[in-house]
Amino acid sequence: MILGIDTSLGTAVAVVEPDGAVRAEAHSANPLGHAEVIGTLIAQVLRDAERGPIGATAAPAPAAPTHVAAGMGPGPFTGLRVGIAAARAFALARGIPVIPVPSHDAAALALLLADPFADLPRFAVVTDARRRELAYTVYDGIDGDGLPVRATEPALSPLADLDARLAGLGAERRDVSGIPAAMLALAAARAVAAGRTLADGEPLYLRAPDVTLPGAPKRVTG
Amino acid sequence: MDRTAPLVLGIETSCDETGIGIVRGHTLLSNTIASSMDEHARYGGVVPEVAARAHLEALQPSIEAALAEAGVTLADIDAVAVTSGPGLAGALMVGIGAAKALAVGLDKPLYAVNHLVGHIAADILTGDDVEYPTIALLVSGGHTSLLLVRDLVSNVELLGETMDDAAGEAFDKIARILGLPYPGGPEIDRAAATGDPTAIRFPRGMSRASDMAEHRYDFSFSGLKTAVARWVETSGADVPVADVAASFREAVVDVLVTKALDACARHDVPRLLLGGGVIANRRLREVALERAAAAGVAVRIPPLSLCTDNGAMIAALAAELIISGRPASTLEFGADSTLPVTEIQVAAAS
Ligand SMILES: [Zn+2]
């Protein structure tokens, strides 16, 4: 059982069986307020997961995730960090590993699995990156491990340039406003099953901190 | 849970120190601090985004190090505590996200507490019995506050605070003006060692008779900063750095100690507690002790490792809340960068 946590856009959490069966899901679409809701949402999916899959008749049993899937972004930094911090802390509390997953992989997996004929053309998952920029990752179908194939790594583009850039890459644009935590957890489960790593442990900030080096102190006399 | 001597893990991420502390009741078991100070040095001050990134990277290793030092496991912990404010919002949120998930993952209660009151709680860990009421002067790069503490868990009053820069920031800015590196506190202290503190009479902010009605216990350091800058600019090529540093430091220390002892006198509280990183300043401690002794005021100064921002003080405050029977916080709170000092615990369950 995998607990998925993503705060790269809103706040999304889910508990998923390794085969993809969703035991519980909860989210807040609010692009802010991640710190406020993260604890309540995790507690809620753990509680909901006790009841087992829909239709299950067995007595409720405490949900015991074996892994935590952490959405590593890209996304606005302040919110993104809340989910990664929570994923690491929960994993520490339970003594289980964190599986870092690029957040766009979850959105791509959702698009690919929703396509019944598995013939989705090359496409780009596009999300808000604030400051008149968008984050995008280009995907090329699904591989033998059931994971989306990244044709480019996550990157930023000014709003006005993205369409031209995607045309150059031959990718259709798919704007996404939320990351499905269940798909994040499923991607992590498939990566674990295949012995693969989807991302290193670092957040996908894609931007250096916005700071300027101080110049000489301002003069106060005329 | 052991309500007489609870084992509490505290998480503090309000500024540039990632602090993890573990206490058992009044006993300090671990005080682990990872600072991102060096990363801010080139910018001449704390950069919030740099601090927040550093917190995320430091949290897990710091928790593991604190547990190892305390010789306990997470399963032993009775409660998790976290700073919910005041402080840098983005930095606070890292600690809050981690603390909530830790508490939910362990199925343990969570206490969200006030950073400034945490500074006062640090004194409990020194082992001596703390007496209330006490006046508390908290001075750091992030805050300069004068408090009247009647009871640690139920009655803390803000008497005054800085209207502009924190005292620590003033040290950083004057250091830059004098061409000294960041952080300014120790650099000014070093430069001032050979200087004459009476060489230049710099202004004492918020200390005029006309300030006394409304700002008796408030502080202001921006006028002092401008005065020092003007003095340096007009003094030509040969700036007597030692004298300027010593005179500047004397102006800051004078205002801090004068207002703190005034609060002691007017509230008839012969006790003064010092906290915050600027307490490391040798001259501040010296003047405070000297003038407090003359005024018949007993001064308490926790060890420096408990004065600078740390997680042990957050754990200590939560332990006090638990001992006094307070319920845990609910999970709904967020970061409050301007959390008032009267909110000692945030989101307490009713
Ligand atoms: Zn502080």
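The values are calculated or read from the model by the stated rules, or taken from the named source; none is laboratory data. Computed from a predicted model, the values in this text were never measured in an experiment. Using ideal geometry, Cβ is built from the backbone for each residue, glycine included, and neighbour counts are taken over all protein chains shown. Please note that ligands, DNA and RNA were not included when accessible areas were found on the heavy atoms of the full protein model with its side chains. Shrake-Rupley method; radii C 1.70, N 1.55, O 1.52, S 1.80 Å.
Worth pointing out:
- For region A:27-51, taking the residues that are more than 13 Å from chain B (Cβ to nearest Cβ) and under 17 Å from the mean Cα position of the chain (by Cα), the one that is modelled with the highest pLDDT is identified as A:His27.
- Of the criteria (1) more than 12 Å from chain A (Cβ to nearest Cβ); (2) modelled with pLDDT of 95 or more; (3) within 16 Å of the ligand (Cβ to nearest atom), which one B:Thr27 fails: (3)
- Any hit, region B:43-52, residues being away from chain A (no Cβ under 14 Å) and either open to solvent by less than 20 Å² (accessible area, probe 1.4 Å) or over 20 Å from the mean Cα position of the chain (by Cα) (or both): no
- From the list B:Val257, B:Val341, the lone residue that is more than 16 Å from the ligand (Cβ to nearest atom) and aliphatic (A, V, I, L, M) is B:Val257.
- Region B:121-142: number of residues that are within 16 Å of the ligand (Cβ to nearest atom) and open to solvent by 40 Å² or more (accessible area, probe 1.4 Å): 2
- Residue among B:Ser14, B:Ser35 that alone is surrounded by fewer than 22 Cβ atoms within 10 Å (Cβ to Cβ), of a type in the set (Ser, Thr, Tyr) and either within 16 Å of the ligand (Cβ to nearest atom) or closer than 17 Å to B:Val113 by Cβ (or both): B:Ser35
- Selection within region B:274-330: residues that are more than 15 Å from the chain's Cα centre (by Cα) and in a loop (DSSP other than H, G, I, E, B). The member of this set that is farthest from the ligand (Cβ to nearest atom) is B:Gly296.
- Conditions (1) within 13 Å of another protein chain (Cβ to nearest Cβ); (2) open to solvent by less than 30 Å² (accessible area, probe 1.4 Å); (3) acidic (Asp, Glu): number failed by B:Asp107: (2)
- Filtering region B:143-152 for residues that are open to solvent by 10 Å² or more (accessible area, probe 1.4 Å) and either within 16 Å of the ligand (Cβ to nearest atom) or within 14 Å of chain A (Cβ to nearest Cβ) (or both) leaves a non-empty set.
- Residue satisfying condition, being under 15 Å from the mean Cα position of the chain (by Cα) and either under 30 Å from A:Asp161 (Cβ atoms) or open to solvent by 10 Å² or more (accessible area, probe 1.4 Å) (or both), within set A:Ala114, A:Ala93, A:Ala135, A:Ala86: A:Ala135
- Restricting the search to helices (runs of 4 or more DSSP H) fully inside region A:75-184 and requiring at least 2 residues that are more than 14 Å from chain B (Cβ to nearest Cβ), touching a helix residue (DSSP H, G or I) at 6+ places or on another chain (Cβ under 7 Å) and aliphatic (A, V, I, L, M) gives A:103-113.
- One residue stands out in region A:1-26 among those that are of a type in the set (A, V, I, L, M, F, W, C) and not in a strand (DSSP E or B): the one that is nearest to the other protein chains (Cβ to nearest Cβ), namely A:Met1.
- Residue count, region A:27-47 (criterion: surrounded by 20 or more Cβ atoms within 10 Å (Cβ to Cβ) and either hydroxyl-bearing (Ser, Thr, Tyr) or not in a strand (DSSP E or B) (or both)): 10
- Test for A:Ser177: is it touching a residue at least 12 places away in the same chain (Cβ under 8 Å), open to solvent by 70 Å² or more (accessible area, probe 1.4 Å) and either of a type outside the set (D, E, K, R) or more than 29 Å from A:Asp115 (Cα to Cα) (or both): yes
- Screening B:Ser36 on (1) free of Cβ contacts under 8 Å to residues at least 60 places away in the same chain; (2) within 27 Å of B:Arg326 (Cα to Cα); (3) of a type in the set (Ser, Thr, Tyr) shows it passes everything except condition (2).
- Total residues in region B:258-268 satisfying the condition of being touching a strand residue (DSSP E or B) at 6+ places or on another chain (Cβ under 8 Å) and either assigned to a helix (DSSP H, G or I) or open to solvent by less than 40 Å² (accessible area, probe 1.4 Å) (or both): the figure is 5.
- Some residue of region B:216-224 being open to solvent by 50 Å² or more (accessible area, probe 1.4 Å), away from every other protein chain (no Cβ under 14 Å), more than 16 Å from the ligand (Cβ to nearest atom) and in contact (Cβ under 8 Å) with a residue 40 or more places away in the chain: yes
- Sole residue being within 16 Å of the ligand (Cβ to nearest atom) and open to solvent by 20 Å² or more (accessible area, probe 1.4 Å), chosen from B:Gly71, B:Gly87, B:Gly118: B:Gly87
- Test: residue in region B:189-208 that is closer than 28 Å to B:Ser247 by Cα and within 14 Å of the ligand (Cβ to nearest atom): no
- Scanning region A:52-74 for residues that are modelled with pLDDT of 95 or more, more than 16 Å from A:Ile96 (Cβ to Cβ) and either out of contact with any Ser or Thr (no Cβ under 6 Å at 6 or more places or on another chain) or in a helix (DSSP H, G or I) (or both) yields A:Met72, A:Pro74.
- Screening region B:182-232 for residues that are among the small types (Gly, Ala, Ser) and assigned to a loop (DSSP other than H, G, I, E, B) and picking the one that is farthest from B:Val278 (Cα to Cα) gives B:Ala199.
- Residues in region A:5-26 that are surrounded by 17 or more Cβ atoms within 10 Å (Cβ to Cβ) and over 15 Å from the mean Cα position of the chain (by Cα): A:Val22, A:Arg23, A:Ala24.
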